[in-house]
1. In what sequence do 17, 157 fall when counting other Cβ within 10 Å, fewest first?
2. Do you know the relative contact order of the chain, to the nearest whole percent, from alpha carbon pairs under 8 angstrom that are 6+ apart?
3. Rank the residues 42, 152 as a footprinting-exposure proxy: fewest other Cβ atoms within 10 Å of their Cβ go first.
4. Nearest 10 degrees, 0 to 90: what angle lies between the long axis of helix 91-103 and the longest principal axis of the chain (Cα atoms)?
5. Assuming R0 = 30 Å, can you tell me the calculated FRET efficiency for the pair residue 178 and residue 9, based on Cβ-Cβ distance, to the nearest 0.05?
6. Could you state the angle between the C-alpha long axis of helix 3-31 and the longest principal axis of the C-alpha atoms of the chain, as a value from 0 to 90 degrees rounded to the nearest 10?
7. Please give the contour-minus-distance gain from residue 31 to residue 153: 0.36 nm per residue of separation, less the Cα-Cα distance, rounded to one decimal in nm.
8. Computed from the mean reciprocal separation of all distinct C-alpha pairs, what Kirkwood hydrodynamic radius does segment 153-202 have, in Å?
């Protein structure tokens, strides 16, 4: 088979896999892990059952691939948010809002479904854990950079970690009910607290 013939097929395969992974993420958000099935995903992606089974023969294989896809999507989501941040006095509050938007968005909801499922599934846990660690490290690094925080100073690393724990917790609360108004008040106060604390350590 010539390269000219092979490349379009490779592109079609990549596009089909991407549709399957996006459909998996959508199903996780809308229906949860327990109600996500390979049949449902293939129907949603517009991919034949046979083609889907060829690439992802089991639900776990499909979900593990979706975990890897989600890792890339979450990284791109954060990078895009960072690129839109303002400078000046309101920057800290804007950083917090960017993080809160990420942790209350559909990508985080899908990841949360995988965390819960992985708690009792060793195969899924083996895939989820290292990828979550990767996301955690990258999110921490990005937050340090965006806040201009100097982690060589005592207490600064803990402030960054507390910030990420806070926005992650607010994201969890948002899965139960719309918490936007209370979340905004908390973020307003934490931005003031964080600015003051970072100034003290500078």
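1. On the way: 17 18, 157 15.
Listed from fewest to most nearby Cβ atoms, that is 157, 17.
2. Details: 161 pairs, mean separation 42.8, N = 202.
Across the chain, relative contact order equals 21 percent.
3. Details: 42 22, 152 8.
Ranked by crowding around the Cβ, least crowded first: 152, 42.
4. It is inclined by approximately 30 degrees.
5. Working: r = 46 Å, r/R0 = 1.52.
Between residue 178 and residue 9 the formula returns 0.10.
6. 60
7. Numbers: separation 122, 0.36 × 122 = 43.92 nm, distance 4.48 nm.
Full-extension gain reported as 39.4 nm.
8. Working: mean 1/r = 0.0851 Å⁻¹.
So the Kirkwood estimate lands at 11.7 Å.
Each value in this text was obtained by applying a stated rule to the coordinates, not by laboratory testing. What you are looking at is a predicted structure, and each value in this text was computed from that prediction instead of being measured. Please note: Cβ atoms are built from the backbone with ideal geometry, for glycine as well, and neighbour counts cover all protein chains shown.
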